[in-house]
Structures are given as C-alpha cells and as structure tokens.
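Notes to accompany the following structure.
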Amino acid sequence: MNLFLDANILIAVCNKEYPLFPFAARILSLADQKNMQLFTSPLCMAITYYFVEKKSDGSKARQKMILLAQKIKFTDNRAEDVVEVCKNKTMHDFEDGLQYLSAVRSKCNFIITQDTNDFYFSDIPAIRAEDFLKVLKQ
C-alpha cells in the first residue's frame, strides 16, 4: 500500500505536537513494513523544515530531515503540474493541488493529512492519521 504523507503529519512527528504526535509517529513507523511505502513531496519536506526550524535550531532541523528522508520515498512535481493546478477550477489551493498530483503519479492509495477538507477534489481518499490507523486494524 502506498501512502502520501502531508506536511502536517511530518511536522507533528518532528516537533512532537500533541495530540497528533502518537498517531503520526505510528503512521511513520509503517515505513518498516514490507507491504507499505510512504511518500511525500520535496515541497512537503520544505514546509516541514520551515516549521521544525522554528522550534529547534537549523542543525537539528536538518538532522530530522535526514531521518525522514531515510524512511520516506519522494514524489516529484513537474512543470505540467503547475499548469494543471492553475487551470483546474476545482483545486482552489495551489500547494494541495501539487501534492495531490504527485500522490496520483506515485499511485498512492491514501493521502494521510489532518486537513482532509483541503483534498475535497481528490479521487484518492484523504484521511486523518488516527482514522487511517483504525482502518488498518480492520
């Protein structure tokens, strides 16, 4: 199963933000399972770095990015994605549109995010971390 992790999940793990941290950390631990592949985009990593650096110094933030990069695969965004998001009237948030298109190209089965409403246009189910863990147990 392929999971796309939105920046808010990564930020919660790196900054130990409660109440999301335990659920986000469990999602990240799925990277160790052979049947799971975790994806994020370089843009999500940049957003994550910005918020992690605000809570810790740049050196610690970089170390955390390296740890994430060892667990997570990266999607890509292309110039065509920028044009597609700009032309697509259903994608009101530019950044979420870019994340979505990269998740589609990486054949992700779910988008894990705390802001599920941001992906109202998505054909991929967008689900909160806590809810995905419940689905996984079933």
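So is Leu38 modelled with pLDDT of 95 or more and in contact with a Lys or Arg (Cβ under 7 Å, 6 or more places away or on another chain) or not?
Yes; evaluated as a whole, the condition is true for this residue.
Quick one: how many residues across segment 73-90 are assigned to a loop (DSSP other than H, G, I, E, B), touching a Phe, Trp or Tyr at 6+ places or on another chain (Cβ under 7 Å) and either modelled with pLDDT of 95 or more or among the charged types (D, E, K, R) (or both)?
Count: 1.
Inside segment 115-131, can you point out the residues that are within 13 Å of Ala24 (Cα to Cα) and crowded, with 20+ Cβ neighbours inside 10 Å?
If the condition is that a residue be within 13 Å of Ala24 (Cα to Cα) and crowded, with 20+ Cβ neighbours inside 10 Å, then Ala129 is the only one that fits.
Could you list, in sequence order, all residues of segment 91-117 that are of a type in the set (A, V, I, L, M, F, W, C), in a helix (DSSP H, G or I) and either farther than 19 Å from Met36 by Cα or more than 17 Å from the chain's Cα centre (by Cα) (or both)? Reasoning before the result, please.
In the first step, residues of segment 91-117 are kept if they are of a type in the set (A, V, I, L, M, F, W, C); the result is 91, 94, 98, 101, 103-104, 108, 110-112.
Checking which are in a helix (DSSP H, G or I) leaves us with 94, 98, 101, 103-104.
Correct list: Phe94, Leu98, Leu101.
Look through segment 16-56, keep the residues that are touching a strand residue (DSSP E or B) at 6+ places or on another chain (Cβ under 8 Å) and either among the aliphatic types (A, V, I, L, M) or without any contact (Cβ under 8 Å) to a residue 12 or more places away in the chain (or both), and return whichever of them is nearest to Glu130 (Cα to Cα).
Here the answer is Ile27.
Of all residues in segment 118-138, count the ones that are in a helix (DSSP H, G or I) and within 17 Å of Val85 (Cα to Cα).
So in segment 118-138, the residues in a helix (DSSP H, G or I) come out as 118-119, 129-137.
With within 17 Å of Val85 (Cα to Cα) added as a condition, the list becomes 118-119.
Selection size over segment 118-138: 2.
If you go through segment 88-111 one residue at a time, do you hit one that is polar (S, T, N, Q), under 21 Å from Val13 (Cβ atoms) and surrounded by fewer than 21 Cβ atoms within 10 Å (Cβ to Cβ)?
Yes, because at least one residue in segment 88-111 is polar (S, T, N, Q), under 21 Å from Val13 (Cβ atoms) and surrounded by fewer than 21 Cβ atoms within 10 Å (Cβ to Cβ).
Name the single residue, out of those in segment 1-58 being outside any helix (DSSP H, G or I) and of a type in the set (Ser, Thr, Tyr), that is farthest from the chain's Cα centre (by Cα).
Ser56
Listed here are the residues, each with its yes/no results for (1) surrounded by fewer than 18 Cβ atoms within 10 Å (Cβ to Cβ); (2) closer than 18 Å to Phe119 by Cβ.
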| position | (1), (2) |
| --- | --- |
| Ala25 | yes, no |
| Ser29 | yes, no |
| Met36 | yes, no |
| Phe39 | no, yes |
| Ala46 | yes, no |
| Tyr49 | no, no |
| Phe74 | yes, no |
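The values are calculated or read from the model by the stated rules, or taken from the named source; none is laboratory data. In this text the structure is predicted, and so the values were computed from the model without any measurement. Reconstructed Cβ throughout: ideal geometry from the backbone, glycine too, with neighbour counts over all protein chains shown.
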